[in-house]
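Enquirer: Structure in structure tokens, see below.
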Amino acid sequence: MNSFMPRIEISLSQIQDNARALTELYGRKGISLMGVSKAVLGEPSIAEAMIQGGVRFIADSRIENIQKMENAGISAKFVLLRTPLSQAESVVQSVTISLNTEIRTLKELSYYAKAQNKDHQVIIMVELGDLREGILPCDLLQFIRETLSLSHIKVVGIGCNLACYGGVKPGDKNMRELSELASLIEKEFQISLEIISGGNSANYEWFNSAQDVRKINNLRLGESILLGCETLNRKAIPGLHTRAFQLFAEVIESKKKPSLPFGEVCQDAFGNVPSFQDRGTRQRVIIALGRQDVLVSSLKTNNKLEIIGSSSDHIILESKDQNLQVGDEVKFNLDYAGLLAAMTSPFVKKQFVDCSDVFAVA
Ligand SMILES: *Cc1c(COP(=O)(O)O)cnc(C)c1O
């Protein structure tokens, strides 16, 4: 069971529990969820756990991940989070709804939708201050007007994304603005918008304190489902599992060594000139895991171990536990950036610890 190294152990039942709890929580104020699978590279069994937990859509930023889930037989409505362009043809093929901000792209989508004899659904993203993707509110009506003129595009909603680039907090003011823009569009064009998607895992605090969520009826959640936290302060959400993913690596060297390098010091492997404090002789441990596999700063370990350095393939730890031997395993919790990197590394085996066929490796 523990022969794969390094490996990430994944609890599908905890992910499903989290999806279920969040679906119920947000559902109380009429908000449906998209389960976001990009941090786990569209891993089909994780998407399935989200679906079993009650999310209404599976959303990913990469068409390749969506195709992977589709090919694995996941039957969900797929949403593409990153605005597509050169991939328009396959987007129309595999995706029910895509998020969009450019007319040129919408024209491409309409062209391929016509060729495939279908309508492609879109959510138009609105810029509410975070300065990643989105149409400025002053340009929105004109943009919608142009979009509505495309023959094979159906505008099913609007959305916004906050706390991603600019760190702008979702709150009553920007959520009210999104709601009002939705009303304005519905009135101006005599259409009804089915999805008003107010944001991501950073919307938790707004949601909890909101007396009235107005027209917001959808959120796109990745981190909350996977890691059980909100993302403004990375606080755990009550009742959710925060350790559905754990990373294991093996000790490949364990020795007492001085804390001060000897010899002439110049650049390290990454072009920095390191400086060191003399802390005497310490028990040092090297694990077979490196910057190619994980974002080292995002590893969380127990207080007996301290990460003191890393290179492409090695992480060096100081150990208060004198007994850590070669061949032992070291366990880490991960934050979102670490999860993303570990799931992306081809060297980290993905192992499901609580599914019915005991374990599976992706
Ligand atoms: C990644 C992403 C999300 C999910 O963000 P979390 O913080 O993981 O909930 C939502 N919307 C868009 C557009 C995204 O790119």
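The values are calculated or read from the model by the stated rules, or taken from the named source; none is laboratory data. Owing to the predicted nature of the structure, the values given are computational and were not obtained by experimental measurement. Backbone-built Cβ (ideal geometry, glycine too); neighbour counts: all protein chains shown. Surface areas here come from the heavy atoms of the whole protein model, side chains and all, with no ligands, DNA or RNA. Shrake-Rupley method; radii C 1.70, N 1.55, O 1.52, S 1.80 Å.
Enquirer: State which residue is farthest from Ala244 (Cα to Cα) when the search covers only segment 65-75 and only residues that are away from the ligand (no atom under 15 Å from the Cβ) and under 18 Å from the mean Cα position of the chain (by Cα). First the steps, then the outcome.
Expert: Quick first cut of segment 65-75, residues away from the ligand (no atom under 15 Å from the Cβ) only: 67-75.
Filter once more, so that each one left must be under 18 Å from the mean Cα position of the chain (by Cα): 67-69.
Values: Gln67: 25, Lys68: 22, Met69: 20 Å.
Per the stated criteria, the residue is Gln67.
Enquirer: Taking Thr301 as meeting all but one of (1) buried (at least 16 other Cβ atoms within 10 Å of the Cβ); (2) more than 30 Å from Leu184 (Cα to Cα); (3) β-branched (Val, Ile, Thr), write down the number of the exception.
Expert: Failing condition for Thr301: (1).
Enquirer: State all residues of segment 89-110 that are among the small types (Gly, Ala, Ser), closer than 24 Å to Leu221 by Cα and crowded, with 21+ Cβ neighbours inside 10 Å; if no residue qualifies, say none.
Expert: The answer is Ser98, and nothing else.
Enquirer: Ok, one more. Looking at segment 205-230 only, could you name the residues that are closer than 24 Å to Lys77 by Cβ and polar (S, T, N, Q)?
Expert: Listed by number, the residues that qualify are Asn217, Asn218, Ser224.
Enquirer: Select, from Ser90, Ser37, the only residue that is hydroxyl-bearing (Ser, Thr, Tyr), within 16 Å of the ligand (Cβ to nearest atom), at pLDDT 95 or above and assigned by TED's automatic domain parsing to the domain that holds Ile196. It would help to see each step written out before you state the result.
Expert: Values: Ser90 fails: within 16 Å of the ligand (Cβ to nearest atom).
Going through Ser90, Ser37 in turn, the sole match is Ser37.
Enquirer: Continuing with this model, one more query. Yes or no: Ile58 more than 15 Å from the ligand (Cβ to nearest atom), at pLDDT 95 or above, crowded, with 19+ Cβ neighbours inside 10 Å and not in a helix (DSSP H, G or I)?
Expert: Working: more than 15 Å from the ligand (Cβ to nearest atom): no; at pLDDT 95 or above: yes; crowded, with 19+ Cβ neighbours inside 10 Å: yes; not in a helix (DSSP H, G or I): yes.
No.
Enquirer: So which residues in segment 174-185 are of a type in the set (Asp, Glu) and surrounded by 14 or more Cβ atoms within 10 Å (Cβ to Cβ)? Spell out how you get there, then give the answer.
Expert: In the first step, residues of segment 174-185 are kept if they are of a type in the set (Asp, Glu); the result is 177, 180.
Of everything in segment 174-185, just one residue is of a type in the set (Asp, Glu) and surrounded by 14 or more Cβ atoms within 10 Å (Cβ to Cβ), namely Glu177.
Enquirer: Consider segment 120-147. How many of its residues are open to solvent by 60 Å² or more (accessible area, probe 1.4 Å) and either touching a helix residue (DSSP H, G or I) at 6+ places or on another chain (Cβ under 6 Å) or outside the structural domain of Phe57 (by TED's automatic domain parsing) (or both)?
Expert: Looking only at segment 120-147, we keep the residues that are open to solvent by 60 Å² or more (accessible area, probe 1.4 Å), and these are 131-132, 136, 138-139, 142, 145-146.
Filter once more, so that each one left must be either touching a helix residue (DSSP H, G or I) at 6+ places or on another chain (Cβ under 6 Å) or outside the structural domain of Phe57 (by TED's automatic domain parsing) (or both): 146.
Final tally of qualifying residues: 1.
Enquirer: In addition: When you go through Leu150, Leu193, Leu227, Leu181 one by one, which is the residue that is modelled with pLDDT of 95 or more and either within 14 Å of the ligand (Cβ to nearest atom) or not assigned by TED's automatic domain parsing to the domain that holds Glu127 (or both)? Give the derivation first.
Expert: Details: Leu150 fails: either within 14 Å of the ligand (Cβ to nearest atom) or not assigned by TED's automatic domain parsing to the domain that holds Glu127 (or both); Leu193 fails: either within 14 Å of the ligand (Cβ to nearest atom) or not assigned by TED's automatic domain parsing to the domain that holds Glu127 (or both); Leu181 fails: either within 14 Å of the ligand (Cβ to nearest atom) or not assigned by TED's automatic domain parsing to the domain that holds Glu127 (or both).
It is Leu227.
Enquirer: While we're on this one: Considering only residues that are small (Gly, Ala, Ser) and free of Cβ contacts under 8 Å to residues at least 24 places away in the same chain, which ones fall in segment 210-241? Give the steps one after another, and end with the answer.
Expert: Looking only at segment 210-241, we keep the residues that are small (Gly, Ala, Ser), and these are 210, 222, 224, 228, 236, 239.
Within segment 210-241, Ala236 is the sole residue that qualifies.
Enquirer: Identify, please: which residue in segment 234-265 is assigned to a loop (DSSP other than H, G, I, E, B) and open to solvent by 90 Å² or more (accessible area, probe 1.4 Å) and is, among those, nearest to the ligand (Cβ to nearest atom)?
Expert: Keep residues of segment 234-265 that are assigned to a loop (DSSP other than H, G, I, E, B), which gives 234-235, 237-244, 259-265.
When the remaining residues are screened for being open to solvent by 90 Å² or more (accessible area, probe 1.4 Å), the result is 234-235, 238, 243, 262, 264.
On the way: Arg234: 11, Lys235: 14, Pro238: 18, Arg243: 17, Phe262: 45, Glu264: 46 Å.
That would be Arg234.
Enquirer: A follow-up question, please. Do any strands (runs of 3 or more DSSP E) lying entirely in segment 122-228 carry at least 3 residues that are farther than 17 Å from Asp60 by Cα, and which ones are they? Write out each step before concluding.
Expert: Values: elements: 153-159, 195-197, 218-221.
Those strands (runs of 3 or more DSSP E) span 153-159.
Enquirer: Being more than 15 Å from the ligand (Cβ to nearest atom) and open to solvent by 10 Å² or more (accessible area, probe 1.4 Å) is the filter; apply it to segment 40-55 and report the residue that is nearest to Ala88 (Cα to Cα). Quick ask: steps written out before the conclusion?
Expert: Our first condition is that a residue be more than 15 Å from the ligand (Cβ to nearest atom); within segment 40-55, this holds for 44-45, 48-49, 51-52, 54.
From what is left, the residues that are open to solvent by 10 Å² or more (accessible area, probe 1.4 Å) are 44-45, 48, 51-52, 54.
On the way: Pro44: 23, Ser45: 26, Glu48: 25, Ile51: 26, Gln52: 29, Gly54: 29 Å.
Only one residue tops the list, namely Pro44.
Enquirer: Here is a follow-up. Find all pairs meeting these conditions: Cβ atoms under 7 angstrom apart; at least six residues apart or on different chains; first residue within segment 127-147 and without any contact (Cβ under 8 Å) to a residue 12 or more places away in the chain; second residue part of a loop (DSSP other than H, G, I, E, B).
Expert: Leu136/Glu127
Enquirer: Do the conditions hold for Ala21, that is, is it open to solvent by 30 Å² or more (accessible area, probe 1.4 Å) and in contact (Cβ under 8 Å) with a residue 60 or more places away in the chain? Show your work before the answer.
Expert: Details: open to solvent by 30 Å² or more (accessible area, probe 1.4 Å): yes; in contact (Cβ under 8 Å) with a residue 60 or more places away in the chain: yes.
So Ala21 fits the description; yes.
Enquirer: Leu162 fails exactly one of the following numbered conditions: (1) within 25 Å of the chain's Cα centre (by Cα); (2) surrounded by fewer than 22 Cβ atoms within 10 Å (Cβ to Cβ); (3) within 18 Å of Glu133 (Cβ to Cβ). What is the number of that condition?
Expert: Here Leu162 meets the rest and fails (2).
Enquirer: Moving on to the next point. Could you please find all residues in segment 93-121 being in a loop (DSSP other than H, G, I, E, B), over 13 Å from Val155 (Cα atoms) and within 16 Å of the ligand (Cβ to nearest atom)?
Expert: The initial filter retains those residues of segment 93-121 that are in a loop (DSSP other than H, G, I, E, B), namely 95-96, 101-102, 116-119.
If we keep only those that are over 13 Å from Val155 (Cα atoms) too, we end up with 95, 102, 116-118.
Result: Val95, Glu102.
Enquirer: Among (1) under 24 Å from the mean Cα position of the chain (by Cα); (2) small (Gly, Ala, Ser); (3) open to solvent by less than 20 Å² (accessible area, probe 1.4 Å), where does Ala113 come up short?
Expert: Every listed condition holds for Ala113 apart from (1).
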